[in-house]
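**Q** Structure below; questions to follow.
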Amino acid sequence: MDLLKEVATSVQEETKVRLHRRNVERVLSALLTVNDFWKVIDLSDLPVPAVAGIVKKFIKEGIIFTDDRENILLTQKGYDLVSDLGISPVVDLSCQSCEGRGYPFHIDKEFYRTFVELAKERPTPIRDYDQGAVTPETTVSRVLFIESRGDLAGKDIIVMGAEDDLTGLAVALRRKAKSVLVIDIDERLIEYDNRIFKDLGIENARAMVWDLRKPYGEDMLGKFDVFITDPPETFAAFRAFIGRGIATLKEEGCSGYFGLTLRDSSIFRWKEFQEILINEYGTVITDIVQDFNHYMNWEYHDETRAAEIAPVKRGPRDIWYRSAWYRIETLPGFKRWNEPISDEVFYLDEEGSTT
Ligand code: SPD
């Protein structure tokens, strides 16, 4: 049997992460480009357990080796294999000025600088809520993107459950929305935002503690033009963050923004998410910008399953965790999903490993 197909099948059986042959080919391409395991994941666009499984299999087959479990390197057999298969290194031809997003975070320097200054004292990410914040450049770009799509000026906006990114703060700081409501389970973030809103005299924004596992009351349903969120990639969290986000929207033609990553979920799961968005919730996906969101490394990394299953002992030193930026729009007859959610499998399942 073809070696790549064989690796895909055996790693899928072992990890329960769905894989196909070309996923394995992409890992080889990444291995030809970088030596750092975490960067290999980044370039492979696969969940951590899948890349860990593939790398371990390749080590067994003598295709790669690690130098004292620090770096991953191809052996001569590995170089011969990639050459036989005609595999090339990964190329990145995206615009470096906007970090590949298409919206230069520095276009309004005062907005960018003020946000960076305000974000300096932000609370540190905690594992209990799967926190891991995006870079300030990402947050600012999110706002510019939303503004450019006509979803900011004069709009009632809700930012739900990922305020470690301070997206709600940045939206409010832009001072173009009609109103901004920030909700998050983490009291530290709510206090942080409310203090800044008060200090800066931003009167149309407020933040309140809310656990998205709980259904919304009538006061929240159908009240907003736009929702923004960044869920963990389990099905339960997808519904709690995005299903409930859609439920807050006023009418057809309203929009929602969120990040979805391939580091904690597979492309097969994305298909299922997209089916829920289209067939169950009655929305349309208008935009997906791959690798738009760049996450800063989190201090609890050593305690995670990702660290445990990694074939190297060295942790990430650079940005490796990215997610795509999705925009959806409600269509006539869209559904407001607002069921209760249990604690089970909220943050972690077989494809996830970074919590
Ligand atoms: N636990 C690591 C940080 C994860 C941050 N959440 C990213 C969610 C993407 N939808």
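**Q** Once you order the gyration tensor axes a ≥ b ≥ c over the Cα atoms, which shape class does segment 219-277 get: rounded for a/c under 1.5, otherwise prolate or oblate by comparing a/b with b/c?
**A** Taking the square roots of the gyration eigenvalues as a ≥ b ≥ c, segment 219-277 is prolate.
**Q** With a 1.4 Å probe and every protein chain left in place, work out the accessible area per residue of segment 193-342 in Å², rounded to a whole number.
**A** That works out to 41 Å² per residue.
**Q** Rank Asp230, Asp219 by accessible area, highest first, at a 1.4 Å probe radius?
**A** Asp219, Asp230
**Q** What percentage of the solvent-accessible surface of the chain, computed with a 1.4 Å probe over protein heavy atoms, is contributed by carbon and sulfur atoms?
**A** 49
**Q** Show me the GluC sites (Glu not before Pro) within segment 74-166 that DSSP assigns to loop and that have at most 12 other Cβ atoms within 10 Å of their Cβ.
**A** The qualifying sites are Glu121.
**Q** Hey, another quick one. By the gyration tensor of its Cα atoms, with a ≥ b ≥ c the square roots of the eigenvalues, what is the shape of segment 109-330: rounded for a/c under 1.5, prolate for a/b over b/c, or oblate?
**A** In terms of gyration-tensor shape, oblate.
**Q** May I pose another question? Taking every DSSP beta bridge with both residues inside the chain, roughly what % is antiparallel (nearest 5)?
**A** Beta bridges within the chain, antiparallel portion: roughly 50 percent.
**Q** Calculate, for segment 3-85, the solvent-accessible area per residue in square angstrom, rolling a 1.4 angstrom probe over the heavy atoms of the protein chains.
**A** 44
**Q** Taking the mean number of other Cβ atoms within 10 Å as a proxy for protection, how do you rank 260-267, 194-201 from highest to lowest?
**A** For the peptides 260-267, 194-201, the packing ranking is 260-267, 194-201.
**Q** I've got another one for you. Compute the signed sum of charges (Lys and Arg +1, Asp and Glu -1) over the other residues within less than 10 Å, Cβ to Cβ, of Arg101.
**A** -2
The values are calculated or read from the model by the stated rules, or taken from the named source; none is laboratory data. Owing to the predicted nature of the structure, the values given are computational and were not obtained by experimental measurement. Please note: Cβ atoms are built from the backbone with ideal geometry, for glycine as well, and neighbour counts cover all protein chains shown. Note: areas computed on protein heavy atoms with side chains; ligands, DNA, RNA excluded. Shrake-Rupley method; radii C 1.70, N 1.55, O 1.52, S 1.80 Å.
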